[in-house]
Every structure is written in structure tokens, then in C-alpha cells.
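See structure below.
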Amino acid sequence: MTFLYKLRAAEQQNASMLCVGLDPEPSRFPAQLKGDASRIYDFCARIVDATADLAIAFKPQIAYFAAHRAENQLEQLMEHMRRNAPHVPTILDAKRGDIGSTAEQYAIEAFERYGADAVTLSPFMGFDSVEPYLRHAGKGAFLLCRTSNPGGSDLQGQRLAGVQGEPFLYEHIARLAQGPWNLNGQLGLVVGATYPAEIERVRALAPTVPLLIPGVGAQGGDAVATVRAGWRQDAPIVVNSSRAICYASSGDDYEEAARREARRTRDMLHAARG
Ligand SMILES: O=C(O)c1cc(=O)[nH]c(=O)n1[C@@H]1O[C@H](COP(=O)(O)O)[C@@H](O)[C@H]1O
């Protein structure tokens with residue numbers, strides 16, 4: 001089963017465009033787990049169980065595990081998601097990007113070690129840094145295109161003088177992902193919810209690829225404008241919220257609070273489809 005097939009099935013089954021981001025920070029855990037990096041798995045598994053019927057995808061961010069030497073807990077979590085939420089695809093947020101031979105190793109890490117359905121990648125080093133991921137049958141890859149952070153415009157907002165029409169770099173990336181780079185039909189693009197006008201532009205240039213859209217919740221992106229700009233009947237959007245869901249409460253009720261916030265966000269996104 002391909003990543004895109006799984007994504008479409010989860011979109012239907014959970015009536016959702018919401019991606020639950022898993023960015024575990026022990027210092028923000030509720031009292032009984034607070035500060036304890038050995039409980040990262042426990043914390044994340046409970047968030048997964050509380051939101052498995054509300055999400056189109058789960059997105060663990062690898063740095064939050066690696067920083068605490070908790071890669072083994074990430075492996076456990078990936079296994080937990082496959083077992084307890086097999087209908088929800090996983091996107092490993094690793095933002096990798098390196099020469100082909102090293103990319104081959106990163107692809108094995110993402111798809112074989114962690115068993116992710118998709119991964120986030122930086123396209124900065126060009127097609128031969130992306131191609132090794134496309135060799136893994138059915139696996140997805142989201143290329144950073146117009147990221148949610150203010151500094152995203154430093155490079156992504158520069159015009160490419162040598163390219164026809166002098167597009168912005170992010171526009172060029174969108175065209176490549178829709179066309180010549182999309183060898184396995186499983187490429188997607190990352191566009192920040194903080195820039196709805198750019199989401200609309202990317203959607204115009206890449207009408208059928210899935211868009212991973214972080215930036216609602218803690219970063220203050222406009223959820224309604226995001227859906228209007230990016231959602232199309234035949235092209236899914238995956239709108240990520242991490243901290244606003246994981247830390248909806250710092251008390252013992254954190255699972256219920258995460259569920260409430262996930263449901264509220266999912267319903268708001270759904271309603272914005274009009
Ligand atoms: O690729 C990403 O997921 C990503 C791209 C981007 O442009 N902006 C962005 O915030 N992210 C990630 O999305 C998550 C956002 O977290 P919250 O701001 O807490 O919802 C983090 O894990 C970021 O690393």
C-alpha cells in the first residue's frame with residue numbers, strides 16, 4: 001500500500017486533515033512524567049491513543065528523541081503506532097538532505113529502521129539527494145518548499161534569474177515536485193500555514209501533490225485561510241499541530257486535553273472546506 005493511498009484512506013476514515021505532531025519535551029510533561037526523558041515513549045503513546053481516530057497522520061520530529069538519546073523510544077513509538085493506529089500513516093520529520101550515498105543510509109534509517117510511511121527532506125542539495133528515497137517502493141517524501149519560519153524567505157523567496165519566468169526558489173521547487181522529480185508519484189511539499197498566499201501559489205503550481213502544512217496552533221498560522229488556499233478534493237493537505245495538542249494541559253488530564261484540542265482543530269479545518 002502506498003503512502004498516498006494510506007493518507008487518502010485516513011483522510012476518509014477520520015474525516016481529518018489534522019496531522020498530530022509529536023515533539024516530546026520532558027520539561028513540559030505533566031507532573032508525573034516531568035523532566036523524565038525515559039518516559040518519552042509513554043507520553044507520546046498516550047497522545048497517539050487519544051487522537052488515533054482524529055488524525056490524518058502522525059509526525060514525530062526526530063530531534064526531540066535524538067536530543068535525549070531516545071532513538072530506541074522512537075522505534076518503540078513507531079511500532080506502537082503501527083500496532084494501535086495502523087490506519088494512520090506516519091511522517092518522520094527528519095528534514096534530511098545529503099549526497100546520494102549518505103541519503104541512501106538516511107532512507108534506510110527512516111523507512112527500514114523506523115518503518116515510517118514518509119519523511120521530510122530538504123531539497124537544497126538537488127535531485128540526486130532526493131532520488132534515493134524514491135527507490136523505496138510506495139514511501140512518501142515531503143520537500144521543504146515555503147517553510148513556516150520567518151527566515152524561510154531568506155532563500156526560498158529569492159528569484160532564480162537563470163530560470164524561465166524568474167520564479168521564486170519555492171515556486172521552482174513546487175514545479176519540480178509536481179513534475180520531473182516526482183518519479184514514484186509519492187512526493188509532497190511543505191508549506192507553512194503562516195503564509196497562506198504562498199500556499200495558494202504552491203497549490204496552483206503543484207495541483208495534485210499532498211501538502212504538509214505546519215504552523216497552526218503554537219505558531220499562530222491561520223487554519224481557515226490555510227484550508228481555503230490548499231485543500232482540493234483530489235489533493236490532500238496534512239495540517240500539522242504539535243505543541244498546541246501535546247501540551248494542551250500540563251496537568252494529569254493531558255490526554256483528554258490533547259484529544260479536545262485535536263478534535264477542535266480537526267473540526268475547524270473540516271468546516272473551512274466550505
Ligand atoms: O517539516 C516540518 O514539519 C516543519 C516545517 C516548517 O516549515 N515548519 C515547522 O514548524 N515544521 C515542524 O512542524 C512542527 C511545528 O510544531 P508546532 O509549532 O508546535 O505546531 C515542528 O516539529 C517543526 O519542526
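The values are calculated or read from the model by the stated rules, or taken from the named source; none is laboratory data. Note that the structure is predicted; figures quoted are calculated from it, not measured. All Cβ positions, glycine included, derive from the backbone under ideal geometry; neighbour counts span all protein chains shown. Only protein heavy atoms, including side chains, enter the accessible area calculation; ligands, DNA and RNA are left aside. Shrake-Rupley method; radii C 1.70, N 1.55, O 1.52, S 1.80 Å.
The table below gives the values:
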read-out	value
Where a residue in region 194-211 is under 15 Å from Pro167 (Cα atoms) and its partner, wherever it lies, is open to solvent by 40 Å² or more (accessible area, probe 1.4 Å) and in a helix (DSSP H, G or I), with Cβ under 8 Å and at least six apart	Leu205/Arg175; Leu205/Gln178; Ala206/Arg175; Ala206/Gln178
Elements of type helices (runs of 4 or more DSSP H) in region 14-133, at least 2 residues being open to solvent by less than 60 Å² (accessible area, probe 1.4 Å) and within 22 Å of Cys145 (Cα to Cα)	100-108
Residues of region 119-150 satisfying the condition of being closer than 21 Å to Leu7 by Cα and within 11 Å of the ligand (Cβ to nearest atom)	Val119, Thr120, Leu121, Phe142, Leu143, Leu144, Cys145
Qualifying positions in region 10-43 - out of contact with any Phe, Trp or Tyr (no Cβ under 8 Å at 6 or more places or on another chain), away from the ligand (no atom under 13 Å from the Cβ) and touching a residue at least 60 places away in the same chain (Cβ under 8 Å)	Ala10, Glu11, Gln13, Asn14, Ala15, Ser16, Ala31, Gln32
Residue list for region 1-13, filter: surrounded by fewer than 16 Cβ atoms within 10 Å (Cβ to Cβ) and not in a loop (DSSP other than H, G, I, E, B)	Tyr5, Ala9, Gln12, Gln13
Matching residues, region 153-167, being more than 29 Å from Phe3 (Cα to Cα) and surrounded by 14 or more Cβ atoms within 10 Å (Cβ to Cβ)	Ser153, Gly157, Pro167
